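K.L.:
Sharing a structure below in structure tokens format, with a few things to ask.
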Amino acid sequence: MTDRGYTDKIKGKTKETIGDLRGDDKQKAEGILDQVIGKTKEVTTDIKEKTEDFIDEAKDKLNK
């Protein structure tokens, strides 16, 4: 199973919210960074999957 970044996004949102409630700018910033990392993982996984699909389709067309 591929890490799609869901955990990082949830962890980040939690940190951001707690940091916001406590007035802790450092924790809030860490939360935002974790969310960006999660989104990056999600986009990277999407690109990888689409590339693999494209390669498989190209192989199928070449083998016909």
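K.L.:
Count, please, the residues in region 12-28 that happen to be in contact (Cβ under 8 Å) with a residue 12 or more places away in the chain and open to solvent by 90 Å² or more (accessible area, probe 1.4 Å).
P.N.:
Going through region 12-28 one residue at a time, the tally reaches 1.
K.L.:
For region 1-39, what are the residues that are among the small types (Gly, Ala, Ser), under 30 Å from residue 49 (Cα atoms) and part of a helix (DSSP H, G or I)?
P.N.:
Within region 1-39, 12, 31, 38 qualify.
So that you can scan it fast, the table gives a plain yes or no per residue for (1) in contact with a His (Cβ under 7 Å, 6 or more places away or on another chain); (2) modelled with pLDDT of 95 or more; (3) among the β-branched types (Val, Ile, Thr):
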{"position": "20", "(1), (2), (3)": "no, yes, no"}
{"position": "36", "(1), (2), (3)": "no, yes, yes"}
{"position": "41", "(1), (2), (3)": "no, yes, no"}
{"position": "50", "(1), (2), (3)": "no, yes, no"}
{"position": "55", "(1), (2), (3)": "no, yes, yes"}
{"position": "60", "(1), (2), (3)": "no, no, no"}
{"position": "64", "(1), (2), (3)": "no, no, no"}
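K.L.:
Let me ask something additional. Pairs needed: first member in region 29-43, surrounded by 14 or more Cβ atoms within 10 Å (Cβ to Cβ); second member anywhere, at pLDDT below 95; C-beta distance under 6 Å; at least 6 residues apart or different chains.
P.N.:
Close Cβ pairs (under 6 Å, with a partner that is at pLDDT below 95) amount to 38/5; 41/3; 41/5; 42/4; 42/5.
K.L.:
Pull out all pairs, ordered by first then second residue, where Cβ-Cβ is under 6 Å, the residues are six or more apart or on different chains, the first lies in region 44-64 and is in a helix (DSSP H, G or I), and the second is not hydroxyl-bearing (Ser, Thr, Tyr).
P.N.:
Every condition considered, the pairs that remain are 45/4.
The values are calculated or read from the model by the stated rules, or taken from the named source; none is laboratory data. All values derive from a computational prediction rather than experimental measurement. Note: ideal-geometry Cβ built from the backbone for every residue, glycine included; neighbour counts use all protein chains shown. Note: areas computed on protein heavy atoms with side chains; ligands, DNA, RNA excluded. Shrake-Rupley method; radii C 1.70, N 1.55, O 1.52, S 1.80 Å.
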